[in-house]
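> Below you will find the structure I want to go over with you.
The values are calculated or read from the model by the stated rules, or taken from the named source; none is laboratory data. Since we're looking at a predicted model, the values are computed, not measured. Quick reminder, even Gly has a Cβ in these numbers, built from the backbone with ideal geometry, and neighbours come from all protein chains shown. Each accessible area value is taken on the protein alone, full model and side chains, heavy atoms only, with ligands, DNA and RNA left out. Shrake-Rupley method; radii C 1.70, N 1.55, O 1.52, S 1.80 Å.
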Amino acid sequence: MRVLLVGGGGREHALALGLAGDPAVEALVAAPGNPGIAAVAQLREVTPTDPAAVAALAVEVAADLVVIGPEAPLVAGVADAVRAKGIAVFGPSAEAARLEGSKTFAKDVMTAAGVPTARAYTCEDAAAVARALDEFGAPYVVKDDGLAAGKGVVVTDDRAVAERHAAECGRVVIEEYLSGPEVSLFVVTDGEAAVPLLPAQDFKRVGDGDTGPNTGGMGAYAPLPWTPPNLVDDVMRDVVYPTLAELRRRGTTFAGLLYVGLAITPSGPRVIEFNARFGDPETQVVLALLETPLGGLLHAAATGTLGGHPPLRWRDGAAVTVVVAADGYPAGPRTGDVITGADRAGIIHAGTRRDADGTLRSAGGRVLCGTATGPDLAAARDAAYELVRDVELAGAHHRTDIAAAAVDSRITIPG
Ligand code: AMP
């Protein structure tokens, strides 16, 4: 199988490692890729959000499967353009990707499907915003309606901050605050059959102890030792299958990766959000533990044959990833700094570039992450931090508490 992977961040580096490790994948091309991905794939230039360009590249490289990593190409219709060429693609249509691209659409689908989630209002003016904030009270949850790379959400006790964010975004979704630890569940689906991967937890705030602004994600770990025993089965029954059925009913079958972001509240799991692609950095830890060949799994989802796919196999133990971010991230990351100590197994490249002379430099807010596995969470965590310790990048910062509460059994479900 010849595979074209679209994207160039940490998630795509993790996907590239998984695909390259699948004996059925005879050729892997990544576009645009990054210096980490270059070690396992041939890189090609492309604008990932240009449907015609990606489709043409898929034809040129004779791809049997195109895997689309990020959300922006999906929302732009890249999967549709590739499918129109008769090439199998892992990633939903633009219509179905609205599950991520529009918070209002997602809430609509959830309501129609009876999926447990926070009550919410879509608001377009200050009066509607004020009414919604009054009704739900603090902490206030205000979400930009469009794609915001995980950073369009403000959760705050400060009414003025909530109102300002709403005014800046224009159209927002304001919703009830959900209390409880968060879980990211990835589900591979062909639109009908659905296979859950291991639940993971990510860390959205920039600072230790969940302080500071939201980011794209500062670290992750899997598996989760603290979740209720039936969590995955319950979420498949109450969330995933009803959502997929509702999308089929609307004629917008969702094939690809359904990312279910959950809060484990005292009344059970509630959906915080859907995404239409693998999460970053949870992908790094989930795929580090997946033993089943990745190419075959994604190909089955892309060709409507997932129902016949054998059950997934997982490695024993745990995985942890720690993101190293650039000075100034998330507000205004500085780029162009020299990175050393990053060319080793376990370092996943996210925002890096390489000069002609081989010098590695930062090229994004989240620069790289140290990903390690171990016989248990404590060992995986130590190994991930060891990787990060050896990386030198001026002004870089990372959280020091990734997976710490889980290692110490300090995560509890309120109630
Ligand atoms: P989202 O982009 O919708 O995932 O939101 C980003 C982050 O904001 C989530 O991971 C949560 O930490 C937080 N968040 C979003 N919605 C809620 C909610 N209704 N209650 C509590 N926290 C939320």
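> How much FRET efficiency would the formula 1/(1 + (r/R0)^6) give for Asp316 and Ala405, where r is the Cβ-Cβ distance and R0 is 22 Å, rounded to 0.05?
Step by step, r from the Cβ atoms, then E = 0.50.
> In Å², what does the accessible area per residue of the stretch 201-333 work out to with a 1.4 Å probe?
With the other protein chains kept in place, the stretch 201-333 gives 34 Å² per residue.
> Give the relative contact order (percent, whole number) for the chain; include only Cα pairs under 8 Å separated by 6+ residues.
17
> Rounded to the nearest whole Å², what accessible area per residue is found for the stretch 1-91 with the 1.4 Å probe?
Ligands and nucleic acids excluded, the figure is 34 Å² per residue.
> What is the local net charge at Gly170, summed over the other residues whose Cβ is closer than 11 Å to its Cβ (Lys, Arg +1; Asp, Glu -1)?
Cβ neighbours under 11 Å give a net charge of -4.
> Can you find, among Met110, Ala53, Asn214, the residue sitting farthest towards the positive end of the charge dipole of the chain, where Lys and Arg contribute +1 and Asp and Glu -1 at Cβ?
Of the candidates, Ala53 comes out farthest on the positive side.
> Using the per-residue mean of other Cβ atoms lying within 10 Å as a proxy for protection, in what order, highest first, do the peptides 69-77, 234-242 fall?
Per-residue Cβ counts within 10 Å, averaged per peptide and sorted highest first, yield 69-77, 234-242.
> Can you tell me the relative contact order of the stretch 2-159? Whole percent, Cα pairs under 8 Å, sequence separation 6 or more.
16
> Of the lysine pairs in the chain, how many meet both conditions: Cα atoms under 16 Å apart, and a spacing of 8 or more in sequence or different chains?
6
> What is the sum of charges, Lys and Arg at +1 and Asp and Glu at -1, for the other residues whose Cβ falls under 12 Å from the Cβ of Leu65?
So the environment of Leu65 carries a net charge of -1.
> Just to confirm, what accessible area per residue do you get for the stretch 117-196 at 1.4 Å probe, in whole Å²?
On a per-residue basis, 44 Å².
> Here's a follow-up. How big is the dipole moment of the chain about its Cα centre under a simple scheme where the beta carbon of each Lys and Arg is +1, that of each Asp and Glu is -1, and everything else is neutral? Debye, nearest 20, please.
420
> In what order, largest first, do Lys107, Lys204 sit by accessible area if the probe radius is 1.4 Å?
Result of the area sort, largest leading: Lys204, Lys107.
> Given a Förster distance of 30 Å, report the FRET efficiency between Asp382 and Thr340 from their Cβ-Cβ distance, rounded to the nearest 0.05.
Efficiency computed from Cβ-Cβ geometry: 0.85.
> How large is the accessible surface of His299 in square angstrom, using a 1.4 angstrom probe and rounding to the nearest 10?
Roughly 60 Å² of His299 is accessible to a 1.4 Å probe.
> Turning to a different aspect of this structure: Specify the inter-centroid distance of the stretch 190-235 and the stretch 256-313, based on alpha-carbon positions, in whole Å.
The stretch 190-235 and the stretch 256-313 have Cα centres spaced 11 Å from each other.
> Let me ask something additional. What is the distance in Å between the Cα centres of the stretch 110-132 and the stretch 327-369?
So the two Cα centres are separated by 39 Å.
> Looking only at the chain, where both bridge partners belong to it, what percent of the DSSP beta bridges are antiparallel (to the nearest 5)?
80
> Taking each pair of distinct Cα atoms in the stretch 1-80 once, what is the resulting Kirkwood hydrodynamic radius in Å?
12.1
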